[in-house]
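This report concerns only the one structure given below.
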Amino acid sequence: MIQQHSHKILKSVVRLSKGNGKFSTLYNSINNKRSFHSSPFFKQQAESEINIEEEFQNLLVELRKKRHTDELTPKQIVELLDEHVVGQTDAKRSVAIALRNRWRRKQITDMDIIPKNILMIGPTGCGKTEIARRMAKIVNAPFLKVEATKYTELGYRGRDVDTIGRDLIENSIQTLKQTLINTIHEDNNNNNFLNHLIENKLLQLTIGKEFKTMREASKKDYLNMLRNGELDHRMIEISIPSTSLNQNNKFKDMFEAMRNNLPDHLQTPGLEEMGNHQIFDQFNDIFGNFNTTNKIKVKKSIKEARKILLDLELEKLLKSEQFIKEAIYLAENDGIVFIDEIDKICSSNNNSKSRSKDPSGSGVQKDLLPLIEGTTISTKYGKIETDHVLFICSGAFHSSKPSDLMAELQGRLPVRVQLKGLNTKQDLLEILLKPKFNLILQNISLLKTENINLEFTDKALEEIADISAFLNSTVENLGARRLIGVVEIVLEEISYHAPTLALSSSKEEEKSIVIDEKDVKEALNKKGLLKSRDISKYLI
């Protein structure tokens, strides 16, 4: 009664004010709000729309807190790395300490502490890249692996090192996106705000206009049926954006034709490194996405419609400013950049004069200095600071030494770790057996898809490790990568004839194949790999 009376008084005041702007605006605002909330359904829907940004922000905050509190101890990180990488304890301890220091820094608010970047030194195939990659997966951090030789000094044609920051933010967006998708889809209790929003839409589409006047008890009954899956097979009509793939492909073809016919003097540095989809995306950023307003109506079951609507709503959130800000924060504070082949952009002191003008040499080292020290890079998502990004550089340093790097660059990589080569028979045998997803297990799983049960005897594995160690010492030292080639030779015939072998056995029973020492020797002998080993017995 009081609200109705106030409403009449306000209406009279507005009429007497003869269209005064302030009074009219106030009246329209109150009147719209009153009529909008008169229906229980629209009230519920309005609350969802009002709170969706707040709920999404709360979800992002929860994920950030989880990253800060669920930090592993150095010992736990090393134990997890041991599941995938054999040996290299010093390198594992260094990266574990670096990750723990990152957690410690987040607990300190009155001091700015920079990370201790790492320089890994070791021959090819010793696990440098694998340690960094597994480390990033363990902590679910944005990870970027690049080769130093792909970059040129600023001002030369080619990619400059600032693209590292742009690529890192792209990886950060993908990492955060996957984390959010997993969080939403793994919520089996339907407690998150997005599921509530989708349920409201599904109920409205299922019941139709009657939903507005339906009693609350009936709505709850329908909601329980929806959550229990009793309505999964009912068909409803939903509106989805039209993809218009054919038209988009025409634009992409136009970009490709334009790019291939540009004269040299119009080529932009770094353009040759960009994919057509990147150019297309940038064009969309300027002129807007094509056909985003076009929608088509399709009939889907409620089970299918739930997933489609959830993905559409999630896609809207992933384009929001909140999401981009959190992705930038994730890249700045948790990002890991692995720069491989750092030894290829430095030269020995004897040859420094001839290399001084190489745009891929000392010039790249100079450009890397501010990036590793901490700088601000402009991207299409905003500015990203690299002050707290962890940089791990690695190189074999066969023809040069770490001291051949610029002194300033050495100073920015204070933690130096020496990795040993994995060349002995025992090392290679452990690599075949110990890692969680070892090479033998991978091949067994691949052939299992062909209904073939593959087994290796202990003698066969020892022979594979023995011949791999011999080839590393006599031909070229490839480290653990040598095992991949040797195992492929051993399984070449079986892999080629696997479909035929599978047909010869019944569908219910698997075809069993056992690889023994004799099979390994025969396969390698066909390729001539054992002849050199036999001759070496008579050499002094």
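The values are calculated or read from the model by the stated rules, or taken from the named source; none is laboratory data. Since the structure is predicted, the reported quantities are computational estimates derived from the model, not experimental observations. For neighbour counting, all protein chains shown are included, and Cβ atoms are generated from backbone atoms with ideal geometry for every residue, glycine included. We work out accessible area using only protein heavy atoms, side chains counted, and drop any ligands, DNA or RNA first. Shrake-Rupley method; radii C 1.70, N 1.55, O 1.52, S 1.80 Å.
Here are some notes:
- Condition check for GLN410 on (1) modelled with pLDDT under 90; (2) of a type in the set (S, T, N, Q); (3) open to solvent by 20 Å² or more (accessible area, probe 1.4 Å): one failure, at (1).
- Figure legend. Inter-residue proximity from the stretch 93-110: first residues closer than 17 Å to GLY335 by Cα and of a type in the set (Phe, Trp, Tyr), second residues surrounded by 16 or more Cβ atoms within 10 Å (Cβ to Cβ) and at pLDDT below 85, beta-carbon distance below 8 Å, spacing 6+ or different chains. Indicated pairs: TRP103/GLU71.
- Each residue in the stretch 187-210 was checked for being over 35 Å from the mean Cα position of the chain (by Cα), under 16 Å from ASN228 (Cβ atoms) and at pLDDT below 80, and 0 pass.
- Filtered residues of the stretch 426-472 (kept if assigned to a helix (DSSP H, G or I), among the polar types (S, T, N, Q) and surrounded by fewer than 19 Cβ atoms within 10 Å (Cβ to Cβ)): GLN426, GLN442, SER445
- Odd one out for GLU509, checked against (1) surrounded by 14 or more Cβ atoms within 10 Å (Cβ to Cβ); (2) over 17 Å from GLU462 (Cα atoms); (3) modelled with pLDDT of 65 or more: (1)
- Tally, over the stretch 68-101, of residues that are more than 17 Å from PHE143 (Cβ to Cβ) and among the small types (Gly, Ala, Ser): 1
- Selection of the stretch 216-230 for residues being among the hydrophobic types (A, V, I, L, M, F, W, C) and at positive phi yields an empty set.
- Scan the stretch 82-141 for residues that are buried (at least 20 other Cβ atoms within 10 Å of the Cβ), out of contact with any helix residue (DSSP H, G or I) (no Cβ under 7 Å at 6 or more places or on another chain) and part of a loop (DSSP other than H, G, I, E, B) and the total you get is 2.
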